[in-house]
C-alpha cells in the first residue's frame, strides 16, 4: 500500500491505509470481543460489522457498559448537503438504522447547510438549505422511526445550536483548529468557527433533557477530526465524551483509491434510473478481471481491486451469496460482465425500494425537523 | 498629549488623542457644514454635537441625502452586557434617543451576551444573559419609543442572527480579524467569529423587510473596528454600508485618561444611591483645582483636567450654565467642593428620573425583545 493518501473532513485522496489511519487518528480497532458484546445486545451482527466496513471506534465498550446498566444512549449522525445523495452517503445511514432498530434509541440527524455554504465558494445558503431538504428525504427513505428521529438543519435550528456552540468555542483556540483541520489565516472565520456547530448535537439532548445522556456517533472515518475536538471539550462542559464508530469509504467506481464523491468522477445517485445505474457500472466500475476471457477463465479475477465485488461487500448482506460470488470470480468461473450485472441488479433493486419509501418519507421529514 | 494610548473594542488605556484616532481609524471629523445639515432636519442641535462629544462619523452626508429624498434610516446601537450600567454607557444612548425623537425612526438595540461570555473568562452565558436583561431596562429607562424600539439579545435571537452572520463570515478571513482586533492563534474560535454577529443588525432590517434600508450606528469610538469590517463586507452582500457617528468616552472619575469602566477604578452606576454618588464624586473625582484655597482663589482651576467640569459637559445640557461654571471655576470664584456639589446634584437629579422610568420600562422591555 502507498502512504500517499489524505483524509480530512473535506477531502479524501489516494488509497486509504486504514491501519495507519487508526494510528494517526487515535481510534481503536473493533475487536472480536467488542463484536461479541454488540451481538449480545443486538441479537445479531450487522454485516457491516462482520465485514469490518465499520472497523474502528472510540469508547464503544464504555457505551455498552452504560447500556447494560440501563443508561440508554442516543445516536447522532449527519451530512453536509452539497449535492444529491449517492450510495457512499448511505453507508453510515444503513448502519445507524440498524442500531436504532436493535437498541430502540433516539436519533439526531444533522444537515450542515451552514458548513457547505462556508466551504463551497460557489454555493449560496439557499442552495445548501434546499439540498438539505432533499438529503433529509433520502435519509428518511431508509426507514428510520419517525417517532424517534429528529432532523437538525443547521440554519433553521441555530437559535438552539449557536448558544451551545459558543460554549464549545470558548474552549477551542484557533491553534487547535489550525492543526486539526489544516485551516490557516486565509480561512474564513465561519470555517474556523464551524466545528463547534457540529459538536452541539452530541450534547444537545443532554441539555434539553437536563441530564447527561450517552451519545453514539456512527460516521465515515473522515469526520473523526470534528469529533476528536468534540470529545476533548465536552467533559469540560460537564457532558460525556461521545462514543463513535467509524466506517471505511465506499470506493469510487473508478478504483479503490479515495472515496466516492460527487465532485470527483462518477457517483451513483439515489435518483439514477435503472438504466443510468447499469450504464455507470458497466462503463466505469473498475474491473479486477483479466484482459481476455481466456486468461480470466484460467487465472480468475482479483476481488481486492474489483469495484463490483467491493461494492457487493456493501450491498449484498448475505454472506454466503457474497462468498459464492467471490469464489466464482476468483476462480474465473464468473466473468467481469457477470459480476457487474449482479451488482447492477442488486443496486437497482435497492434503489427501487428507496424511491418508493422516499415518497412516503416526504411527510415524515416535515414532522422530524427540529425548529427554533 | 502623550501618544501612549490604546483603543480597542475591549480595552481603552491612556489619554486618548482623538485627533490621532480620527486618522488611525479613518473616520471623518464632524464639520460645521454637517452640523448645519443635521440642525436643518432636527430643528436644533443636541448639546453632544455642539460640544463635539460626538466628534466623528462615516457617511453621515450620504445618510442625510437619502433622508432628504425620503429614504428613512434606522438606528442601531448596543452594548456588551458584562456588568451594571454606568454613566459612560449612557452617552451613546442619550444621543440615540435624540435622533430617534427628531427623525422618528426605528431603533435596534443589540445586547451581545455571547461576546461578553466569549471574552470574559470567568463569566457564564447565564451571567451575561441575565445582565442583558438588566441593561435593557436601563436602556429603556431613557425613554425610547417602545413602538419603534427592538431589542436583540444575541443568545435569544441567534436563530435569526447566525444564518446572516455566516454570510458575513464567508467574506471575512482570520488575517483581517487578526489585524483589526489584535486576535491571535490563542484566541478562541468564538472570539474570532464574533464580529460577524455584531454586523448583522446593520442589515437585518433590510433582510426582514426585503429592501435596502440605510442604517445609522451611534457608538463610542472604540467599537469602530467592528463597523469598519461591517462596512467593508455589507456592499458585497448587496446592502448599504452603514453610516456611523462616534462619541468620545466619558472620562473615569480618577482622571481624563482612558474611559469609565467597571473593571478599572470607580464608576457611577444607575443603581447608586444619592449618597453613594455624592461619596464617589467627592472622594474620587479628579480635581483641576489648586492645592490650597488661597492659591485657587488667586489662580483658578483647570477645567481641562477637572473631572467634575468634564462630566458636566456630558450632563449639563444648558450651555449658559456650563459657561458660567467654567468661568467661575477658572477664575477661582468657585472651589472644587462647590463644582463637585453641582455635579452631584446634577447626576442625582438625572438618576432619580431614570430610576422612576426604569420601573415602567420593565414592561416595555419584554415587548421590545425580538425572539426567534
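Computed from the coordinates by the stated procedures, all read-outs in this text should not be read as laboratory data. Because the structure is a prediction, the values reported are computed rather than measured. Backbone-built Cβ (ideal geometry, glycine too); neighbour counts: all protein chains shown.
Rank B:211, B:241, B:280 by mean-square fluctuation in a GNM of chain B with C-alpha springs under 10 angstrom and give only the top-ranked residue.
Taking springs between Cα atoms under 10 Å, the residue moving most is B:211.
At 7 Å along Cα-to-Cβ for each site, give me the label-to-label distance between residue A:338 and residue B:104 in nm.
Result for the modelled spin labels: 8.8 nm.
For chain A, what is the percent of antiparallel DSSP beta bridges, rounded to the nearest 5?
Numbers: 10 of 28 bridges.
Once the DSSP bridges in chain A are tallied, antiparallel ones form about 35 percent.
What do you get for the angle between helix A:189-199 and the principal long axis of chain A? Use alpha-carbon atoms, 0 to 90 degrees, nearest ten.
So the inclination is approximately 80 degrees.
Using only Cα atoms, find the angle between the long axis of helix A:125-140 and the longest principal axis of chain A, and express it within 0 to 90 degrees, rounded to the nearest 10.
60 degrees
Report the gain in length on full extension from residue A:50 to residue A:320: 0.36 nm times residue separation, minus Cα-Cα distance, nm rounded to one decimal. List each step's numbers first, then the result.
Details: separation 270, 0.36 × 270 = 97.20 nm, distance 1.26 nm.
My answer for the length gained is 95.9 nm.
Every other copy gets compared here: list the nm distances from the residue A:208 label point (7 Å along Cα to Cβ) to its counterparts, shortest first, one decimal.
Label-point distances to the other copies, shortest first: 2.6 nm.
Once you've got the GNM for chain A with C-alpha springs shorter than 10 Å, pick whichever of A:130, A:175, A:206 has the biggest mean-square fluctuation.
So, out of A:130, A:175, A:206, the one fluctuating most is A:175.
Just checking the output field for B:61-71: average partner chain Cβ neighbours within 10 Å of each residue's Cβ? Please list the in-between numbers first.
Details: counts 0, 0, 0, 0, 0, 0, 0, 0, 0, 0, 0.
Per-residue shielding by partner chains comes out at 0.
Say we join alpha carbon atoms closer than 10 Å with springs in a Gaussian network model of chain B; which of B:199, B:323, B:165 then has the biggest fluctuation?
B:323
Report, in whole Å, the centroid distance computed from the Cα atoms of region B:195-246 and region B:92-144.
That distance is 17 Å.
Nearest 10 degrees, 0 to 90: what angle lies between the long axis of helix A:158-169 and the longest principal axis of chain A (Cα atoms)?
90 degrees
Compute the Cα gyration tensor for region B:107-257, then decide on rounded, prolate or oblate, letting a ≥ b ≥ c be the square roots of its eigenvalues: rounded whenever a/c is under 1.5, prolate when a/b is larger than b/c in the other cases, and oblate in all that remain. Please list the in-between numbers first.
Details: a/c = 1.28, a/b = 1.05, b/c = 1.22.
It is rounded, given that a/c, with a ≥ b ≥ c, falls under 1.5.
At a 10 Å Cβ-Cβ cut-off, how would you order A:215, A:368, fewest neighbours first? Don't skip to the end; give the middle numbers.
Details: A:215 27, A:368 23.
Ascending number of Cβ neighbours within 10 Å: A:368, A:215.
What average number of partner chain Cβ atoms lie no more than 10 Å from the Cβ of the residues making up B:153-162? Mind dumping the intermediate values first?
Details: counts 0, 3, 5, 2, 3, 10, 11, 3, 3, 13.
Taking the mean over all residues of the peptide, I get 5.
Rounded to the nearest 0.05, what FRET efficiency do residue A:40 and residue B:186 have when you use their Cβ-Cβ distance and R0 = 45 Å? Can you show the working numbers first?
On the way: r = 47 Å, r/R0 = 1.04.
FRET efficiency, residue A:40 to residue B:186: 0.45.
Under the rule a/c < 1.5 gives rounded, and otherwise a/b versus b/c splits prolate from oblate, where does the protein assembly as shown land using the Cα gyration tensor? Write out the running numbers ahead of the final one.
Numbers: a/c = 2.94, a/b = 2.63, b/c = 1.11.
Prolate, because a/c is 1.5 or more and a/b exceeds b/c.
Expressed as a rounded percentage, what relative contact order does region B:191-325 have, with Cα pairs under 8 Å and six or more residues apart? Can you show the working numbers first?
Numbers: 151 pairs, mean separation 22.1, N = 135.
Relative contact order comes out at 16 percent.
Per 10 Å bin from zero, what fraction in whole % of the C-alpha pairs of region B:1-51 is there, up to the bin with the longest pair?
For region B:1-51, the binned pair fractions read 21, 37, 29, 14, 0 percent.
Mean residue ellipticity at 222 nm from the helices of chain A, using -39,500 (n - 2.57) per DSSP H segment of n ≥ 4 over the full residue count, to the nearest 500 deg cm²/dmol?
On the way: 17 runs with 192 residues, N = 372.
Rounded to the nearest 500, it is -15500 deg cm²/dmol.
Could you give the spread of the C-alpha atoms of region B:274-356 along their three principal axes, from largest to smallest, in whole angstroms?
The Cα atoms of region B:274-356 stretch 43, 27, 17 Å along their principal axes.
Enter the mean number of other protein chain beta carbons within 10 Å of the beta carbon of each residue in A:122-131, as an integer.
Numbers: counts 0, 0, 2, 5, 0, 0, 0, 1, 0, 0.
So the per-residue partner count for this stretch is 1.
Using the beta-carbon distance between residue A:356 and residue A:302 and R0 = 30 Å, what value does 1/(1 + (r/R0)^6) give for FRET efficiency, to the nearest 0.05?
Numbers: r = 36 Å, r/R0 = 1.21.
Result of the calculation: an efficiency of 0.25.
Please say if region B:6-254 is rounded, prolate or oblate, where rounded means a/c under 1.5 for a ≥ b ≥ c the square roots of the C-alpha gyration tensor eigenvalues, and otherwise the choice is prolate for a/b larger than b/c and oblate otherwise?
The shape class here is rounded.
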